[in-house]
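The values are calculated or read from the model by the stated rules, or taken from the named source; none is laboratory data. No experiment lies behind these values; they were computed from the predicted model shown. Positions of Cβ are generated from backbone atoms using ideal geometry, with glycine treated the same way; all protein chains shown enter the neighbour counts. Ligands, DNA and RNA are stripped out before the accessible areas are found, and what is left, the full protein with its side chains, is counted by its heavy atoms. Shrake-Rupley method; radii C 1.70, N 1.55, O 1.52, S 1.80 Å.
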Amino acid sequence: MPGIGLFLWLIAIALSQLFRLSYLGWVGPFLSWAVLVVPPVLFVLTLPAMVGLRCRLDAPSSVTRGSGAILTLRFMTKHLLPVGKVRVELRFHNRFTGEDRSVKLRYDAMLRADARVELPTDSCGAIVCSVTRMTVSDLLSLWHLPRRCGESVSCTVLPQPIAPAQPIDLDAALERPMRLQVKYGGGYAEEHELREYRPGDPMNSVHWKLSSKTDSMIVREAQEPRNKTIYVILQKNGENDRGLELLYWLSLELCKRELKHRLCAGDEFEVADESESAGAMRKLLQRPLDLVGRYDLSDARCVFRIRGGEVTTQ
């Protein structure tokens, strides 16, 4: 599509012709031909660079909320001459919050250079950065050529693990009476109950000392905890991502105690260490926070519920 330089060039042609008619020296024809020929020649020379211009996006895979993160636009072309102006419209889409932001940028005389744009890291979520529109012009802005750039890059903004304003006693919350059940397959267990021998019981489970005293076969039946799962449930995204901060903090605190747990925020994520905790946070930030699903809490050792920036236990 035509640029403003094209209209200025037409005006310059008209003025040079008037100057040629009013001035009979050699300068008039020379200036007229220069104005008429030089701009098209520059356009033809820069056209391959305009057509071959490419843009790549580069961003960190994950950052912490509020920290500085830079999106790099790498402009590349195989031709020697630079292009005139490059106009880029960027779109930042937060998959978690659904928020969209657009930024319009303009760069002059691009050949092989990098442009840097600060990413919006004020809200948690997976931010997808993409170029929705890119146009390039020649050195004199005679013509604007639209270019396609279908590449996109994603950067996950993780919350900072921040403890609740009112401290909670995790050890007291985790001290719940254990409900035992028969261990599937038997074997050794710290907890067991004594009962009479039944046909089919393995002989290595017989309590020989007690059996000799009671004149009957007594066996040890291995028991295992029934309520051994720890749940951390995010009921609602708190103001300023407070709910996510508490979710991450609780998960890391449980990891320090080497306690396996489940993060529940729409989906369930099994977490055993800090790397799995960070991975679970990245996954749950990839889509909007839906209503909390129905979780089977019958095997729960402890349930931490996060709602409105507060933590409750049950």
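The figures follow:
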| quantity | calculated |
| --- | --- |
| Residue in segment 18-26 that is farther than 30 Å from Ile162 by Cβ, crowded, with 17+ Cβ neighbours inside 10 Å and among the aromatic types (Phe, Trp, Tyr) present | no |
| Pair list, Cβ under 9 Å, 6 or more apart: segment 32-54 residue without any contact (Cβ under 8 Å) to a residue 60 or more places away in the chain and farther than 18 Å from Ile11 by Cα, other residue surrounded by fewer than 14 Cβ atoms within 10 Å (Cβ to Cβ) and of a type outside the set (Phe, Trp, Tyr) | Pro48/Lys78; Gly52/Lys78 |
| Test for Leu259: is it over 22 Å from Ser154 (Cβ atoms), assigned to a helix (DSSP H, G or I) and modelled with pLDDT of 85 or more | no |
| Hits in segment 62-110 - residues which are open to solvent by less than 50 Å² (accessible area, probe 1.4 Å), closer than 19 Å to Cys149 by Cα and not in a strand (DSSP E or B) | Thr77, Pro82, Val83, Gly84, Met110 |
| Residue within segment 199-209 that is of a type in the set (Asp, Glu), at pLDDT 80 or above and surrounded by fewer than 18 Cβ atoms within 10 Å (Cβ to Cβ) present | no |
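A quick yes/no check of all residues on (1) more than 17 Å from Gln160 (Cα to Cα); (2) open to solvent by less than 30 Å² (accessible area, probe 1.4 Å); (3) at pLDDT 90 or above:
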| position | (1), (2), (3) |
| --- | --- |
| Thr229 | yes, yes, no |
| Gln235 | yes, no, no |
| Asp241 | no, yes, no |
| Cys255 | no, yes, yes |
